[in-house]
Amino acid sequence: MAASFPFPRNAVDPAPGPAGDDDARAPSAPVAAGPARRMAAQPAVACISSGSLLAGGNEVLIDHHGALYRLKQTSLGKLILTK
């Protein structure tokens, strides 16, 4: 019997081989190769909480190179950025 994974099979394993062959293979895990190593060498990215940006409200205007953007929190807690 094939193992049950919390993610789609095609996201991790290649297409199954001949009938019955995929049960014989051990499940594989995603491999972080080159990009993960390159990212580790870069400086850390700043992390700012949405609460800090919104300052207790539901909406904030952001001036980016002279253009105004609106960051809004929906009633479901999702963020929407519009120009």
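The values are calculated or read from the model by the stated rules, or taken from the named source; none is laboratory data. Note that the structure is predicted; figures quoted are calculated from it, not measured. Positions of Cβ are generated from backbone atoms using ideal geometry, with glycine treated the same way; all protein chains shown enter the neighbour counts.
Annotations
- Criterion (at pLDDT below 60, surrounded by 10 or more Cβ atoms within 10 Å (Cβ to Cβ) and over 22 Å from the mean Cα position of the chain (by Cα)) met by exactly one of Pro18, Pro27: Pro27
- Selection of first residues in region 42-66 that are small (Gly, Ala, Ser) and of second residues that are modelled with pLDDT of 90 or more, restricted to Cβ pairs under 8 Å at least 6 apart or on distinct chains, gives the following pairs, ordered by first then second residue: Ser50/Gln73; Ser50/Leu79.
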